[in-house]
Amino acid sequence: MFTAIPFYLFGIQNVECQSVEYGNNKIIFHAEVSKHHRYCPVCHGKNVCFRDKKMRKLRMVPWGKIQCFLYLTLSRISCHDCKKCTWPTLDFVQGKQRMVRAFVQYALSLITIGTILGVARFLGVGWDLIKNIHKEHLKNKYQIVDFENLIFLSIDEFSIRKGHNYMTIFVDIRTGQIIQAVEGRSKGDILPFLKELAIKAKNLKAIAMDMSGSFESAVRSALPNVDIVFDHFHVNALINKALDEIRRQQQNKLEHTSKKVIKGKRFLLLKNYNSLDKSARDGLQALLDVNAPLLMAHTLKEQFRMFWEQPTLEKASSFLIRWLWDVYESGLEPLIKVGKTLLAHAEGLVNYFRHRISNGKIEGINNKIKTMSRQAYGFRDMEYFKLRLLHLHEQKHSLTG
């Protein structure tokens, strides 16, 4: 009766079942290789005899919550034709793995809808086993990454551990896929990959980034013909930081009674004016009416938002020159310092109007990375972590915080 057991449901072929054991929420199938499938793995001849035996214990796809195992007895084959002596090959097992291919595929299908820990608990196996299955799959999947269709790239960094341990990621802006992740954020850390792009990414036109000196220097060194585009968010953040510094300066200058007018108004100053409701606008106006430096700084901050709305590169360049002149005329030192920074990076600012790209997509990806890392309680295996980053764009299950 056991020979009729449908092993093909488990992806197992050319095996004859001898007996079955039940108990302890497990099913164990004892089997041998079919007599009709005994041939030399080297020359495929059937003029063979058999030597010593061994047993391979293989995990199979479970039946619901019942774990299934295959105890397969193998005989070493001695070939009279090619004179080789070797163990038979098993098409349903990959290499020396202790599981059938069907179990691997089943685990991978579960990973698409759940976490590594959740899949391990469901299958009743260790976390490391599922992690290693997934890691091997990702290594094969992303062994070669095609850069031929890469046109716009985004570069950013994030902290991988507490302290000052960083990783830099490179994202294809059009697809949202992380194409590379390197440990560190210095020029020396990212330069090797940029040099690889110089050879393989012949269609690369522009790279979006913050105004990090190491990023800019590395790109100009390895990719001199690729345009650099400085990101909206980081530029606006510099201006907001200067505005907040001016707010603190004015608060420290005022008497106790006047300080109350400025205290607690940081949110009103930094938020976009159009995003404020009527009561917030009234509160902001009351503050600006009594403090001329803050009024000037806030006006310049709001004016710069119009820079990104310019229709052409020429008009954007003219707008930037006028705005920088107004900044110098204001006499506000924190804003003048920002103005000097923007003037030094003017080319990267106006390049936005050539390509209309930003780091907006990569900021969202950074949030997914933090959630993924938190759900996995950190990643001890850095190689696996990098592979998970390359696969993040295909993440299907919800990354709950």
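The values are calculated or read from the model by the stated rules, or taken from the named source; none is laboratory data. The shown structure was predicted, so the numbers you read here are calculated from the model rather than taken from an experiment. FYI the Cβ positions are ideal-geometry reconstructions off the backbone, even for glycines, and counts take in every protein chain you see.
Is there a residue being buried (at least 16 other Cβ atoms within 10 Å of the Cβ), touching a helix residue (DSSP H, G or I) at 6+ places or on another chain (Cβ under 7 Å) and among the polar types (S, T, N, Q) anywhere in segment 352-374? So far as segment 352-374 goes, yes, one or more of its residues are buried (at least 16 other Cβ atoms within 10 Å of the Cβ), touching a helix residue (DSSP H, G or I) at 6+ places or on another chain (Cβ under 7 Å) and among the polar types (S, T, N, Q). Of the residues making up segment 314-368, those that are small (Gly, Ala, Ser), in a helix (DSSP H, G or I) and under 17 Å from Ile228 (Cα atoms) are Ala316, Ser317, Ala344, Ala346, Gly348, Gly360. Where strands (runs of 3 or more DSSP E) fall wholly inside segment 134-240, the ranges with 3 or more residues that are aliphatic (A, V, I, L, M), in the same structural domain as Asn367 (by TED's automatic domain parsing) and in contact with a helix residue (DSSP H, G or I) (Cβ under 6 Å, 6 or more places away or on another chain) are 177-183, 206-209.
Mind checking whether some residue in segment 380-390 is touching a Pro at 6+ places or on another chain (Cβ under 9 Å) and not aromatic (Phe, Trp, Tyr)? Checked segment 380-390: no residue is touching a Pro at 6+ places or on another chain (Cβ under 9 Å) and not aromatic (Phe, Trp, Tyr).
Does Asp146 fit the bill of being of a type in the set (Asp, Glu), within 18 Å of the chain's Cα centre (by Cα), under 30 Å from Ser358 (Cβ atoms) and at pLDDT 90 or above? Spelling it out, it is not the case that Asp146 is of a type in the set (Asp, Glu), within 18 Å of the chain's Cα centre (by Cα), under 30 Å from Ser358 (Cβ atoms) and at pLDDT 90 or above. Going by the structure shown, is Lys271 surrounded by fewer than 17 Cβ atoms within 10 Å (Cβ to Cβ), at pLDDT 95 or above and charged (D, E, K, R)? In short, no. Search segment 115-133 for residues being outside any helix (DSSP H, G or I) and surrounded by 17 or more Cβ atoms within 10 Å (Cβ to Cβ), and hand back the single one that is modelled with the lowest pLDDT. Restricting to residues being outside any helix (DSSP H, G or I) and surrounded by 17 or more Cβ atoms within 10 Å (Cβ to Cβ), the top hit is Thr115.
Determine whether Ile111 is more than 24 Å from Met55 (Cα to Cα), in contact (Cβ under 8 Å) with a residue 12 or more places away in the chain and crowded, with 17+ Cβ neighbours inside 10 Å. The answer is yes for Ile111.
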